[in-house]
Amino acid sequence: MRVNLLYFASFRDIAGSAEEARDLPEGTRVGDLWRALRSEHPKFAAYPAMPPAAVNHEYVDADRILRDGDEVAYLPPVAGG
Amino acid sequence: MRVNLLYFASFRDIAGSAEEARDLPEGTRVGDLWRALRSEHPKFAAYPAMPPAAVNHEYVDADRILRDGDEVAYLPPVAGG
Amino acid sequence: MYITFNPIDVGALLNEARPSDGGVCVFLGVVRNENEGRPTASIQYQAYGPMAEAEMARIARQLEAEWPRVRVAMIHRAGSLEIGEVSVAIVATAPHRSEAFAACRAAIDRIKTTVPIWKKEFHPDGSSEWVDPTKTSGDRVIEPSGD
Amino acid sequence: MYITFNPIDVGALLNEARPSDGGVCVFLGVVRNENEGRPTASIQYQAYGPMAEAEMARIARQLEAEWPRVRVAMIHRAGSLEIGEVSVAIVATAPHRSEAFAACRAAIDRIKTTVPIWKKEFHPDGSSEWVDPTKTSGDRVIEPSGD
């Protein structure tokens with residue numbers, strides 16, 4: 001299955017792109033994908049815990065199972081207002 | 001001495017005018033003038049205590065001594081906003 | 001800090017912010033279609049003009065002494081107002097939002113307490129009366145069924 | 001409840017009041033000329049657009065459930081903003097002012113907590129950084145001497 005991964009703000013700077021498609025094994029959870037990103041980008045490893053994550057525009061927990069076509073984003077600390 | 005007496009809202013309805021000049025003895029206090037109004041207009045007598053009063057656009061106490069040229073107003077309950 | 005017989009230009013009030021201000025809190029009082037469960041057709045505001053303006057200025061000075069980083073501006077309508085018209089507008093600007101909210105809220109509360117302005121409610125049946133907030137509670141409203 | 005790259009028309013927002021509304025509370029966030037004691041030249045807001053709009057709508061529904069007589073509208077800017085420009089506008093309308101103030105204040109607090117929008121501060125010396133409110137307190141500001 002394939003998900004679309006979005007990066008924003010400082011995470012976009014770390015990842016070096018705004019968006020990427022990822023092929024993942026069935027059953028991959030939101031927490032699993034975060035651990036994969038940590039191993040790829042050392043600066044993500046500096047985060048002690050998984051940042052807030054969203055799937056299809058809603059906040060989700062780390063144990064949310066990803067499905068084909070999901071839009072996934074890990075969110076750096078928001079600063080709107 | 002002479003003062004200018006202003007009436008607003010329900011007090012204007014009771015007094016039947018918006019404004020009147022009053023000749024008063026020297027030393028008349030704000031509370032004295034209110035007592036005079038009560039004796040002239042029975043509806044003012046219905047008020048258990050002197051309403052808030054202003055002299056020259058500032059709130060004053062009943063013992064404020066009136067002076068020639070003062071602008072005096074007794075104020076029904078305000079309802080701005 | 002003034003009384004006006006003309007519609008309040010709310011947009012113009014919003015240009016009050018200084019470069020160091022990050023938060024603007026605005027309160028608008030609007031003429032409602034009912035009060036204490038009785039329908040309202042229109043409202044007539046009567047002001048003791050010079051004293052009302054002096055009292056609004058005094059309240060603004062008082063608020064700016066309590067919240068030194070806040071600036072407050074306020075305008076109150078006089079005359080006859082229809083449903084939906086703005087009767088009072090308050091703008092509080094501050095570096096941060098907490099102060100702006102607190103000062104704006106205190107401003108409207110104090111205006112209602114001491115500024116010499118009165119309102120006469122006109123009802124659809126032709127009757128009218130001067131509103132006495134000491135006898136009725138503006139917050140203890142009978143809920144209209146269709147509201 | 002939307003994100004826009006264009007200047008926010010605050011005046012238009014004020015037409016939100018219903019005939020039963022007596023109080024309108026508006027909050028405007030404005031770009032300040034300094035933050036945490038450092039001068040700011042401009043701000044770039046980046047939004048996760050569809051999620052930000054969904055989250056603002058969720059916050060509005062939540063507020064209207066907590067204060068059933070209140071209606072809330074909110075708009076947030078994206079893109080590059082100069083000092084003095086409005087970054088966020090919230091309007092809460094209600095029959096009475098207490099509810100309007102409370103819901104408006106809660107709205108801006110919740111927007112800052114959960115709506116996926118980020119801001120990059122640009123300084124006069126050419127440097128810039130993404131603001132992390134979890135590391136700095138927006139209310140623990142170093143007072144600029146001339147403020």
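Distances between every pair of Cα atoms in chain B, grouped in 10 Å steps from 0 to the bin holding the largest one, split as 18, 57, 23, 1 percent. Here A:D13 yields copy-to-copy label distances, from shortest upward, of 6.8 nm, the label point defined as 7 Å from Cα along Cα to C-beta.
The listed peptides D:41-53, A:42-54, ordered by packing as a protection proxy, come out as D:41-53, A:42-54 (highest mean of other Cβ atoms within 10 Å first).
Database remark: amide H of A:R64 closer than 5 angstrom to the amide H of A:V30, A:G31 (H placed geometrically; neighbours at sequence offset of 5 or more, or on other chains; Pro and chain starts carry no H).
With each label modelled as a point 7 angstrom along the Cα→C-beta vector, the B:D68-C:Q62 pair spans 3.4 nm. Relative to the longest principal axis of the Cα atoms of chain D, helix D:97-114 runs at roughly 40 degrees. Shortest first, C:S42 label-point distances to identical copies amount to 4.9 nm, with the label point at 7 Å from Cα along Cα→Cβ. The shape of the protein assembly as shown can be summarised by an equivalent ellipsoid whose semi-axes, obtained from the alpha carbon gyration tensor, come to 56, 24, 15 Å from longest to shortest. Its Cα centre serving as origin, the protein assembly as shown has a Cβ charge dipole (Lys and Arg +1, Asp and Glu -1) of approximately 440 debye.
Its Cα gyration tensor gives region D:1-76 an equivalent ellipsoid; the semi-axes, largest first and in whole Å, are 27, 16, 13. From the residues C:N6, C:Q62, C:Y45, which one has its Cα farthest along the dipole of chain C in the positive direction, the dipole being from +1 and -1 charges on Cβ of Lys/Arg and Asp/Glu about the Cα centre? Of C:N6, C:Q62, C:Y45, it is C:Q62. Shown for chain C is the translational diffusion coefficient from the Stokes-Einstein equation, using the Kirkwood radius over Cα pairs, a temperature of 20 °C and a viscosity of 1.002 mPa s: 133 µm²/s.
If you count Lys pairs in the protein assembly as shown whose Cα atoms are under 19 Å apart, skipping same-chain pairs closer than 8 places in sequence, the total is 12.
Each value in this text was obtained by applying a stated rule to the coordinates, not by laboratory testing. Quick caveat: nothing in here was measured; it's all calculated off a predicted structure. Positions of Cβ are generated from backbone atoms using ideal geometry, with glycine treated the same way; all protein chains shown enter the neighbour counts.
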